[in-house]
Amino acid sequence: MILSLFIGAYSVVISALYFFLPLYLKGSLHFSGTQIGFLYATLSVTSILVAFPVGVTGDRYPARILSRLGIAGTAASLAALSQCRHFWTFLLGFWAFGLSLQMFRQSLDIMLFKGGGEDSPRRFGHFNAWRMGGMMAGIFFAGISLSLTDFPRTLQLLALFVILLFIPTLALPLTRGVRAPLLQYGRDFLTRPVLFFATWLFLFTMHWGAEGTSLGLFLKQNLGLTPLGMGLYMAGEFAVVSLTAYCYGRFWAGRLSPLGFLALALAASGCGHILMTYPSLPWSFFWRTVHGFGDGLILMETYTTISRLFHVERVGGHSGLISLTTTLGVFTGSLIFGPLGAAYGYHYPLIISGATALGLLPMAWVGLRGDGKEGREI
């Protein structure tokens, strides 16, 4: 429960910023589409550089130490960002924010994976249901806050919220540190099932870069939504993702083959991303929830696959490498879709990234046909 509460709090922060920040950067600070894409790419580069070191540190030392460092750094960087008005100072604060947030989130994943047990799918479902519930709460908070005040004050309120999390870190589990040779991580990772898993995950998560740079602006410009309307729109999607994660862990795990779940997830995510761009609010919202259902399945497949593929003593470093993979996908998507949306329209990044997800269906069939377990623990 304590891990679920912390991942929910983390998600409040990330969702309040991730989708609304481009509106502030473009409307108040007058940053260009390229500058916005570069900021989100920088967030990804920071995660790329620290994901594996943070994971190995979490294997060797109690992961809750990383949680405390991440919480303190996140609160400080949020407060600093509320005062930044120029691109280069904002970039520096955004880099510190990304570093701190990576330590915070990854430490929670490490403690979750090291928990072990036969009820792992249920624990993963509960954890990710709270994660998406936090996203929904963050969207609501940001939409209401931005309707009542401005973005800098919203950042300050988030900083206060984060620093209050420091005391409950005393209740986080104390994981046992084990030293493993660094080369062993490389030998584990360079196997066929792991490389397949990492490749399709990289290609799939490119659409997160499209969402980060274009979704909020699409909702404002193409659908004409206010910040509160955007909050309600996206909160509905996250409610679906949360319910999907819970139902997967509680009822669906093991009921379909990995190929069946992956095909269903990719089809729902891809079709939803494409069809939501039609400029009718009820139509767009319906297909956005379909996309959320697909993303919820992908989220759960990611967690259960990590737990199956990797030995628990090295799961911190390996989860860091998987985090690095997904971050590379977001980084690539940000660089591609930020300028594309600004130049041609904010619906095009969503359509193209949705088509990419559908294009992964043949790859899923080739990679997983006849393999009911997606590999073995290594």
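Just one of Ala267, Ala263 is open to solvent by 30 Å² or more (accessible area, probe 1.4 Å) and at pLDDT below 90; which is it?
Numbers: Ala267 fails: at pLDDT below 90.
Going through Ala267, Ala263 in turn, just one is open to solvent by 30 Å² or more (accessible area, probe 1.4 Å) and at pLDDT below 90: Ala263.
Just checking, which of Phe20, Phe52, Phe90 is open to solvent by less than 10 Å² (accessible area, probe 1.4 Å) and either of a type in the set (D, E, K, R) or at pLDDT below 90 (or both)? Steps first, please.
On the way: Phe52 fails: open to solvent by less than 10 Å² (accessible area, probe 1.4 Å); Phe90 fails: either of a type in the set (D, E, K, R) or at pLDDT below 90 (or both).
None of the others qualify; the one that does is Phe20.
Among the residues in segment 298-314, are any farther than 30 Å from Pro181 by Cα and either open to solvent by less than 50 Å² (accessible area, probe 1.4 Å) or not in a helix (DSSP H, G or I) (or both)? Yes, that holds for at least one residue.
Would you call Lys26 of a type in the set (Lys, Arg), over 30 Å from Tyr185 (Cα atoms) and open to solvent by 30 Å² or more (accessible area, probe 1.4 Å)? Yes, satisfied. The C-beta contact set for segment 36-58 (first residue outside any helix (DSSP H, G or I), second residue polar (S, T, N, Q) and open to solvent by 10 Å² or more (accessible area, probe 1.4 Å), distance under 6 angstrom, 6+ apart or interchain) is empty.
A quick yes/no check of all residues on (1) aromatic (Phe, Trp, Tyr); (2) at pLDDT below 80; (3) surrounded by 14 or more Cβ atoms within 10 Å (Cβ to Cβ):
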site: Pro168; (1), (2), (3): no, no, yes
site: Arg179; (1), (2), (3): no, yes, no
site: Thr199; (1), (2), (3): no, no, yes
site: Asn222; (1), (2), (3): no, no, yes
site: Met230; (1), (2), (3): no, no, yes
site: Cys247; (1), (2), (3): no, no, yes
site: Trp252; (1), (2), (3): yes, yes, yes
site: Leu259; (1), (2), (3): no, yes, yes
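Please verify whether segment 96-109 includes one or more residues that are within 23 Å of Thr57 (Cβ to Cβ), open to solvent by 50 Å² or more (accessible area, probe 1.4 Å), in contact with a helix residue (DSSP H, G or I) (Cβ under 8 Å, 6 or more places away or on another chain) and at pLDDT 85 or above. For segment 96-109, residues within 23 Å of Thr57 (Cβ to Cβ), open to solvent by 50 Å² or more (accessible area, probe 1.4 Å), in contact with a helix residue (DSSP H, G or I) (Cβ under 8 Å, 6 or more places away or on another chain) and at pLDDT 85 or above: absent.
When segment 236-266 is filtered for residues that are assigned to a loop (DSSP other than H, G, I, E, B), out of contact with any Gly (no Cβ under 8 Å at 6 or more places or on another chain) and not basic (Lys, Arg), the ones remaining, listed by number, are Gly254, Leu256.
Pro22 meets each of the listed conditions (1) more than 14 Å from the chain's Cα centre (by Cα); (2) more than 27 Å from Ala343 (Cα to Cα) apart from (2). Scan segment 184-207 for residues that are over 19 Å from Leu361 (Cβ atoms) and in contact (Cβ under 8 Å) with a residue 24 or more places away in the chain and the total you get is 7.
Scanning segment 66-78 for residues that are of a type in the set (A, V, I, L, M) and touching a residue at least 40 places away in the same chain (Cβ under 8 Å) yields Leu66, Ile71, Ala72, Ala75, Ala76, Leu78.
Annotation: Phe6 fulfils all but one of (1) closer than 24 Å to Leu215 by Cα; (2) at pLDDT 85 or above; (3) open to solvent by less than 40 Å² (accessible area, probe 1.4 Å); the unmet one is (1). Of all residues in segment 177-235, those that are within 20 Å of Tyr346 (Cα to Cα), among the hydroxyl-bearing types (Ser, Thr, Tyr) and not in a loop (DSSP other than H, G, I, E, B) total 4. Within segment 80-91, residues that are at negative phi reach partners that are open to solvent by 30 Å² or more (accessible area, probe 1.4 Å) and part of a helix (DSSP H, G or I) with beta carbons closer than 6 Å, at six or more positions or on different chains, in the pairs Ser82/Gln156; Phe87/Gln35.
Scan (1) under 18 Å from Gly272 (Cα atoms); (2) in contact with a Ser or Thr (Cβ under 9 Å, 6 or more places away or on another chain); (3) small (Gly, Ala, Ser) for the single condition Gly216 breaks and write down its number. The single condition Gly216 does not satisfy is (2).
The values are calculated or read from the model by the stated rules, or taken from the named source; none is laboratory data. Everything numeric in this text was worked out from a predicted model, so none of it was measured. All Cβ positions, glycine included, derive from the backbone under ideal geometry; neighbour counts span all protein chains shown. Heads up: the accessible areas ignore ligands, DNA and RNA and are worked out on the full protein's heavy atoms, side chains in. Shrake-Rupley method; radii C 1.70, N 1.55, O 1.52, S 1.80 Å.
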